[in-house]
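A short write-up of the structure that comes next.
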Amino acid sequence: MTNSRRKVHEGKAKIVWEIPPPRDMPGTGRAQEPAFVIEFKDDATAFDGRKRGLIEGKGRVNNLLSAIFFELLEREGVPTHYLKTLSDREMLVRRLEIVPVEVVVRNVAAGSLAKRLGLAEGTPLARTVVEFYYKSDELGDPLINRHHVRTLGLATDEELDRMETLALRANDILGRALAECGLRLIDFKLEFGRTDAGEIVLADEISPDTCRLWDVESGERLDKDRFRRDLGGVEEAYEEVLHRVREAAAKWRDLRPGGREGAEPAAPASPASADAPSGRPRARVFVTLKSTVLDPQGAAVRRALQTLGYTEVGDVRVGKFIVLELEEADPERVDEMCRRLLANPVIEDYRFELDE
Ligand SMILES: Nc1ncnc2c1ncn2[C@@H]1O[C@H](COP(=O)(O)OP(=O)(O)OP(=O)(O)O)[C@@H](O)[C@H]1O
Ligand SMILES: [Mg+2]
């Protein structure tokens, strides 16, 4: 730590450092903007600080994971405070005025929601649930609603709407990305802040401290619940999440901004063109998420269809349709292509049809 840094805040999990302006931030695309350094610690707390401990390596894991998620969200159009990774435990971020409202997004009943509503943990929620909590250590971060936010003057209606929109967009993006890592995004907490210009920007961290992540296959918890509930294997779970996300992140970085769909393997202009005669054998491959994997896109389509009055529609799975023109119709080679590239067998099912 250099002497030129001033500690602005030491929280339960992180230290926020102020660094002297003006600074140049080569490679960040943002010149001379006020910035903070966030240092991620190994300290862990739960139940409003009543349980304390150390999760060795957590600071590094949470810093590196947050950086990957912030980069992904930025590319997909969600503004974040992330500027640059400085070291294993430190990131440079935009200086914000934090909105004291935590936004929680839930896909599956767990933790306090399961208790409050009397739902068994693991029950999928028919609709994504958004909750607001008042960020106040003295009060124990109570659950609040829009009226409370308004009456306490914590955020304007427009700001709260923006936070909710960005949180739901983050849920779609992160849900899909984590599914590729064999992880179910059960729920997560976000913090937002205001820039000097008044823009609402995603802040803080996205990590196993702030997300519930369950292994798709085994249902095993790979998040802070292992610490909260003394399940053991805490460090291993954090490392496992980092390992899986890092493997997948290289692929996300190749995606064009503005939509993951843009980078999917080229699909035919219409299914009809896939059937156009060419004289060569064709394989038609269908890839869908496994039924055990959360499919936020499918859920959105189902909601939209039901809103339009198609109430008979049950579960919807959205997938990929890929047409391959081949030299010869060899099912074994097509199957190998599916396993090695076209589908991710951990989270996706595939089938194909061969026609001459
Ligand atoms: N870009 C940012 N600009 C300013 N403050 C930030 C930014 N990102 C995060 N913070 C704040 O930095 C602090 C990080 O510390 P930490 O998460 O350890 O706090 P905490 O102990 O959880 O307490 P808190 O209840 O304040 O979050 C939080 O208060 C968070 O709101
Ligand atoms: Mg915090």
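The values are calculated or read from the model by the stated rules, or taken from the named source; none is laboratory data. For clarity, every value in this text was computed on a predicted model and none was experimentally measured. Cβ coordinates were reconstructed from backbone atoms using ideal geometry, including for glycine residues, and neighbour counts include every protein chain displayed.
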Quiz item: Filtering the stretch 188-198 down to residues that are more than 16 Å from ligand 2 (Cβ to nearest atom) and in contact with a Lys or Arg (Cβ under 9 Å, 6 or more places away or on another chain), which residue is nearest to Gly319 (Cα to Cα)?
Solution: Thr195
Self-check item: strands (runs of 3 or more DSSP E) completely within the stretch 1-104 that count 1 or more residues being away from ligand 2 (no atom under 15 Å from the Cβ) and modelled with pLDDT of 95 or more
Solution: 6-10, 14-18, 35-40, 51-54, 82-85, 90-94
Exercise. Note down all Cβ pairs under 7 Å where the first residue falls in the stretch 171-197 and is at positive phi, the second is outside any strand (DSSP E or B) and buried (at least 19 other Cβ atoms within 10 Å of the Cβ), and they're at least six residues apart or on different chains.
Key: Gly182/Val216; Gly182/Arg244; Gly182/Ile347
Quiz prompt | Selection within the stretch 333-356 - surrounded by 18 or more Cβ atoms within 10 Å (Cβ to Cβ) and in a strand (DSSP E or B) | solution = Glu348, Tyr350, Phe352
Quiz item: Which ones in the stretch 88-105 are within 20 Å of Glu18 (Cβ to Cβ) and either within 11 Å of ligand 1 (Cβ to nearest atom) or among the hydroxyl-bearing types (Ser, Thr, Tyr) (or both)?
Solution: Met91, Leu92, Val93, Arg94, Arg95, Leu96, Glu97, Ile98, Val99, Pro100
Exercise. With the condition kept exactly as written, say whether any residue in the stretch 82-102 is out of contact with any Ser or Thr (no Cβ under 6 Å at 6 or more places or on another chain), charged (D, E, K, R) and farther than 26 Å from Gly175 by Cα.
Key: yes
Practice problem: Would you point out the residue of the stretch 205-229, among those that are of a type in the set (Val, Ile, Thr) and touching a residue at least 24 places away in the same chain (Cβ under 8 Å), that is surrounded by the fewest Cβ atoms within 10 Å (Cβ to Cβ)? | Solution: Val216
